Structure formats: C-alpha cells, structure tokens
1. Can you give me the distance in nm between label points at B:ARG569 and B:LYS691, each placed 7 Å from the Cα along the Cα-to-Cβ direction?
2. How big is the dipole moment of the range B:54-117 about its Cα centre under a simple scheme where the beta carbon of each Lys and Arg is +1, that of each Asp and Glu is -1, and everything else is neutral? Debye, nearest 20, please.
3. Using the alpha-carbon centroid of each, what span in Å lies between the range B:826-866 and the range B:502-529?
4. Along the Cα→Cβ direction, 7 angstrom out, place labels at B:ALA170 and B:GLU274. What is the inter-label distance in nm?
5. Just tell me which aspartates and glutamates come within less than 18 Å, Cα to Cα, of A:LYS58; anything on the same chain fewer than 8 places away is out.
6. In the neighborhood of B:PHE556, defined by Cβ-to-Cβ distances under 13 Å, what is the net charge if each Lys or Arg adds +1 and each Asp or Glu adds -1?
7. Going toward the positive end of the dipole of the protein assembly as shown, with +1 on Lys and Arg Cβ and -1 on Asp and Glu Cβ, which of B:GLY537, A:CYS4, B:THR616 do you reach last?
8. Can you list residues from other chains, or at least 5 along the same chain, whose modelled amide H is less than 5 Å from the amide H of B:ALA512?
Amino acid sequence: MATCAECKSFFTIPENADDYEQGKGDCVREEKDQKGKYWLSKPVMGGMSADNCSYFTKKLAK
Amino acid sequence: MATRHNPIEYDGKIIEFPYDNPAEEKIPDEEIHQNLARPTTERTKRLKARCRWKHATAGEFVDESVRAGIERMRLITEAHKQSEGKPQVIRRALGLANILNKCTVIVQEDELIIGYHAEHPNYIPMYPELAYMAVQDYLQSPKYAPQPVEEATKINEYWKKYSLQSQCEAYFTPEELFQMYQVSTIEAPEFATGYNSIIPPYETVLEDGVMKRIELAEQNIQGAMEKMAEPYWNATEGLQWISKIDEWKAMIIAGKAVVAWARRHARLCKIIAENFESNPKRKDELLMLADICQRMPAEPATGLRDAMQSKWFTYLICHAIDRYASGYAQKEDKLCWPHYKASIIDKTVQPMTHEDAVELFECERLKISEHGAGKSRGYREIFPGSNDLFIFTLGGLNRDSSDGCNDCTDAILEAARNIRTTEPSIVFRWHPKGREKTKYRVFECIRDGLGYPSIKHDAVNTAQMLYYGRFSKNNNGATPEEAHDWVNVLCMSPGLCGRRKSQKTRTEGGGAIFPAKILEVTLNDGFDWSYANEQLGPHTGDARKFETFEELWEAFRIQYRYACDLGVRSKDVSRYYELRMLQMPFVSLLDDGCMELGMDAMELSEQPNGWKNPITSVVAANSLVAMKKLVFDEKKYTMDQLMTALHCNWEGYEDMRRDFLNAPKWGNDDEYADTIVKRYYEDILAGEMRKITNYSGGPVMPVGQAVGLYMEVGARTGPTPDGRYGGEAADDGGISPYMGTDKKGPTAVLRSVSRVDSTSQKANLLNQRLSVPLMRSKHGFKIWKAYMDTWCDLNIDHVQFNVVSTAEMRAAQKEPEKHQDLIVRVAGFSSRFVDISRYGQETIIARNEQDFGPEDLEFLNVGNLV
Ligand code: SF4
C-alpha cells in the first residue's frame, strides 16, 4: 500500500508549527487552468493510504 | 470624435468647454470607458486579465466555472457532531477551529495578498448552519451544487433542526410568515436568509496582534477564577463568571486557530518558493509573504504589506469563514495610514514607493473582485452585474477634528481609478476641511464613470453617531471623539468603527421595507390584488370611500407601521437566538468591549444602530402627491374612478393616466409636491419608524436606498397613482427623483432634497447622472466642486453619480464584448453594464442626464470660468 508520506506532494510539518502532529504533513499540489497557476495545501497524515488518490506520484529518492 | 459640451453664456461671457485632456477629443463617445483603465504595473494588468470574477446577472454567475464548495459545510458539521454537550460558544469556536485546521489553503501566481475561503479559487463556501434555504438554492442548481450532492443534501438536512429559522418561526403566525416570505411589502427575515453584515474591529488586529488578544483573554480567565475562589462565596455575583469564562475560552480557541491557519499560508509560500517556483524575483516575494503570514495576524502590523495581509485574513474570517457577511466596512485610509507612513514616507519598515502602495491597493481590489459570497439566488438577483456589497470608507475628519485625508487616501483612490473594477465600492466622507488634492482624486474616479466614491456628509453623520450613542444600554455609546470614527456598514448606513462599539450583525440594522407596495395594499384595505392575492396588512378601510386626503394618509401610516413592526420584530427575534446559537468568538476576541466584559459580539451592543431600508419610497410619494392634487384638491377624479383605472392597469384610461403622470413630481423644486413629500419622509417614513425600539435600546431609523430591489419589487408592485404601469421598475433609490422625472436641472433636485431634514432619517440615497462632456471638460472639476460645496451647505446626507453617456450604453448593448470596462452606478453599488439584464440597463439609461445651465452655475456660485 502506498501512503501519503511517499508522495511527491507530501511535505512534513515542522515540529515548531502550531499544528504539528507526529506524521502530519501538508499535501501541496500545483494546479493550472485558463486563469493561471495556483497551489492548494491540505493537511494529511503521512500514514494515510494513497491507493485511491489520483494525484499520487512517488517521491523521487533524494 | 467626442461630443464637446455646447458653449454657455454665463457671467456675461461665452464659456467654451474643451476637454481637460485634449487627446480625448479624438475618442468617440461610444468608446471612452474602454480607454480609461491603466493598471499601475504589469502584475496588476495580468491579475486583472485573469481575475476570477464572481459577478452574477439575473441570479446566475457570469463565469461558468463558479460553483459551491462542500469543504466548509462538511467541516462545520463534523465539528458540531463532535462537540455535543459543550457550551454553545465553545462549540462555535471549535467549529471555526475545525474549518481552519483542516481546510484547503490557496496561493495563486502573482499575488501580493494571499488567502481564500473555499477549497478552490472558483468555489464559494456554504453555510448550512446559517440558512438551510440559501444552501437549498445551490443544491437545486445542476450548475452550482456542491459535490457530492447527496452528501451536501444530507448535511443541509442535518442543520434544519438547529437553524435560526426553525427556532424563530415559532413566534410568528402563519399569516405573518407568509407576508414576510413574499418580499413585496418587506424583505424576508434574517432568520431565513442568512444574509448578514459586520464591521470587524480591524484596529485591534493591526495594533495589538491576535497573540496579545489571546493573552488578555487568558489573564481575564485567571482573574475570574480568582474572583470565584474568594472567601464567602456569593452566588449572585460569582455565577456570572461562568459564561464569561466560557466566552474567553472560546476566544482563545478561535484566536489560536486563526494564527495557525495564517501560518499554514506561510508554510505554503515557502514550499512553493523552494519546490515549484523558478523565477528568482517571485521566489523572493514568496519568501517575503511567508515571513508576513508567519507574523500576521499574530503580531501587530508594522509596514503596509503587513497591514494589508493582516486585514485580508481578518476579513476572510469575519465575512466568509466563520459566518457569511456582506460588506467590506472599514475606514481604510485611517487603518493603513500609520503603516503607509512607515513604509512609504519614513521607509523604516517594508520600504516602498507610493506607486508600490498603489499596486498593493489594486491587488486588494482584485482579491475582492474574485471573492465568492455564499448568498442565495434571491440576493444574487438584487445585485445585478456585481458580486456583493463590498464597500469601504475614506476621508472625513479624525477624532481631533483634523482632516482625515492623507497620502494613503490618495493611493487608494488612484488604485481604484487605475484598475477599474466594480468592487469594492468607496464611500467618501465630505467635509469642508477635506483637502482639495484628495477631492480631485475623488472627482477623477467619478468623472471616469466608476459610480464611486459615493459621497456622505461628514458632519451630519458624525452627529448621528452621537445621537444613537445617547441610547446606549450600558451608557457607553459614542463619545464626541469616537463619533468621528464611522464608516458605512453596507451601501448607505453609517456605523461606528474602531476597537469597540461597531455593529456586528445585520439584526441590528438592515433589511428592506417597500412603501410603493405598502401604498398599493393601503388602497386595497391591506389586500395585495396584483401579486400575492392575499391579505398583506391590516384592514384600513375601502379606499374608494376615503373622502379626505388625511383618511388616506392615516391608512397608509397604519400599513407602514405594521410592516415596520413586523420587520424589526423579526430582526430582534433573530437576534435573541443569534446570541444563543451563532456566537462569533473570534470577532469577540477583537472587540475591546467583549474582551473586557466577557460577552459575545452577538450579545454586546454598546452603540445602538437600528435601521430599516425603505425602498421604492418615491413611487409612493409621487402617488400621494398625484392623489392629493387630482382627487382631493382639484376633484378631477374620484377615488372610485382611480381604483377602477388601477385595477385595469390604466388600460382604457389613458387620458386619466396621463393626468396622473403629469401631476407634480418630486425633484423639481415644486412647492406643492415637495411640501407633501417632506411630510411623508419626516412624519411617516421616519416618524413612525423612530417610535420603534430595537434590541440595543435605540430608535430604528429609515435608510432610504434601492439595491437592485427597485427592479425586483417594482415587478411585484401593481399600477400606482403616479401614472406607473404595474410591474414597471420603481424609483432607483432613497430620495432620488423617479427616473426621467427630474426635469428642472441639478440644482432643483438639490433644493427639493434639502427640504427633507437629513437628521430625521438615518440615510437617504441620491442618485444623479451628470453630463460626460461637461465632467470631462476643463471646467469639470470646478463646477462639480461648487456643486458639492452647495450640497454640503444644504446638509444633504448623500449623493452619487453616473457619468456615462447614453451613446456608450447603447453601443455596449449592441457589442457587449467590446465594453467589458463600462461600469455604471446602479444603486449603492456599481456594476459592469454588460452584465446587467436589458430591463436593468434600460432603468439606467432612463435616468435623466443632468446638465448645468447658467442659472445652475449662478446658484452654485461657481465663480469665474476661463
Ligand atoms: S492526498 Fe494524494 S496527493 Fe496528497 S499527499 Fe496523499 S497521495 Fe499525495
């Protein structure tokens, strides 16, 4: 099972953030339509299954 | 070629009217407005070109991609279910916190002010906890319904039993509810519509920052706990601390959630800069925005960029995320001045140029233009060609009676003129002390046809704040200094702004009442024969048998009073439940009074500000004048004949209709008409309404205006004795002459209007349409300024202008795609002309274009024109 933590869109929330929780991250996606580019950020837990997420792209190994 | 104004013989000379800008002589009349936009920078040019406008026409969004989002309604419902058993104010705070913690946050390219209130920049959020009927509207629309629609429907059903509507309806008879839901004698009640307005205390956010407010609440809780633990427990005092402690706790929950949410934006900016953006300049901007959102609104604002972002976040919470509220009420030049000074003049923090500031204000206008308001179809219909009532206020005097205009005022006005958007509208407080430089900027916006600033009389309205303050229930109404701090709440009515005492809900003031329809039912013993086919008011007798004008007058008085009572009672019953069910702890956190007293902003009302909006007043006024003259004075017709003709919609009675149409009309400095109309405004519209006392302990006063309801309600109003056919539009607002009937020139209108004592009304809208070639001529400013000075000397409350030619409006009707920048003033708001229905467009074209003749120039004491 792929998880959010493995996704390219997942950014771990730093420990000093007000909304920090262990394993929590921001799911950040870039979108584009005829009016231009915009970025959406939504909190997700890294352990969440990514199997049903059509936006999942595996993070490249650093 | 442009049409040049004809020469006028004045003061013994022939005055020519060349264009102020000679290049304009070459632009045809039909095209001038397409040549006036000049965004300050390439950025604002791009932002305007890609703006996600949320305009509506005939209730439909013009941009097909606009739809309702499900995220907010899902999150507020989740929190409501999870917080069962907790004090209601805490539940409200947890609801807001759940939305802010879990919602999508958005940043768009090029933005200098960031933040949106739904999960997609084209979406608008839903508020099932405010009005399930408003959400129902969206659910029923295949185009806009939140998805998945089954889930949204279930959520809406869940809220029905918790709604204000289900609580409040119990206190009205079925007949009364029917009358209110007709929206023909009065507007539907607040408990059913969810339509709201507010003046958020931006001042505390910018001056203190949210963290400081949280500390204050924490200290207050600690103090309360110590008080409760004092020896010799006294329940009569001690138990009062419970609700206060809950309120302060709720404030803390809400405040912390807002700070964390703002910082999620900071994080997003940093992530974009580091992972997505390749342009180094934009990268730097994003990192700058990340820094700002980390500190704003948690900390006090320093420079102008801080202030604009902090203000925007506060706006989103108070008007769009916690609750929907129309408006953009704030004294923007006063709020931003210290930050403008620090950044532009002193250059001590966030240094920038005046032009940078103008760009920032243009960005703000575009943010407002793409802000989605979650109001029902009914409310979208009454703002044709526009988005929502976004209006802020500038100018006037400061607390120490010095001139309130400053370079920041000018930057805001320059931005408005440059970028040309219908929203936000601007109110300018006119005072003789106001500097000429700024008044010229005001003139430029008006001359360019924006329809704003609309002008309010500074001294008249400052005095009104003091008057209302006298009725304060806790003897803490406006002081003489505080009375200077006022803004328009929405289109027309003033209210205090500042750290405390501002209006927080529309149940305090707002909501329409329709005198034209009330006159129609008066003539039919309270029965509405032309629209509802039901009894809409009390039985006041058969008008065919009225023998004197006074009988008619008194019957109208009773019908009007009945509608006022019902309208205000429905507001106060809504307020009763609003303060128990729809508390706003974040707003309370910001208000010094709520913080000090541990009271919610829905409950605490230190400064009464009660009002209702008579709309369609002049149709009723002209009808009374015509009946007095032709039936009771000259006895040319009987009431019986008139009633028969009206019930035939004048068909077969054309000569009679012509007589009634030609009877004296308001706005022509006609002694006969004006004496009756003055009495009508002062004795009935204000006299009866002011006998009512609202929740806050003050009188309720009339705010004459129109929004788009003059068309809507005109369509629901049968034929009237002013010669109008059934269904035709009513007058376009407040104290404005009926379209096309002010035939004696602009100064005759001023003389008529000045006969009504401005202080007897809370506000009264005056629409005027001025000649384009005159306003754009080299004498335009001088003549307009003389007009404004006279208007001010006559103590008239308000005036606003359309400066757009019939030629250009007709051209736009033919080729709308070429006239996207043509803006017109409809009522208390401006609209994109091509987005207004044909019916509405015709009502603008039908307004009389006022020109100034030699006698007007003399009356205005214009002086030497060379
Ligand atoms: S929700 Fe989808 S896109 Fe977002 S992090 Fe998880 S898998 Fe990736």
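The values are calculated or read from the model by the stated rules, or taken from the named source; none is laboratory data. Note that the structure is predicted; figures quoted are calculated from it, not measured. A quick note on method: Cβ atoms are made from the backbone with ideal geometry, for glycine too, and the neighbour counts reach across all protein chains shown. SASA here: full protein model, heavy atoms, side chains in, ligands and nucleic acids out. Shrake-Rupley method; radii C 1.70, N 1.55, O 1.52, S 1.80 Å.
1. If labels sit at B:ARG569 and B:LYS691, their model points lie 1.5 nm apart.
2. 620
3. 28
4. 5.5
5. A:GLU6, A:ASP26, A:GLU30, A:GLU31
6. Numbers: positive: B:LYS517, B:ARG557, B:ARG561, B:LYS628, B:ARG679; negative: B:GLU520, B:ASP525, B:GLU550, B:GLU551, B:GLU554, B:ASP683, B:GLU688.
Once positives and negatives cancel, what remains is -2.
7. Result: A:CYS4, furthest along the dipole toward the positive end.
8. The answer is B:GLU187, B:ASN613.
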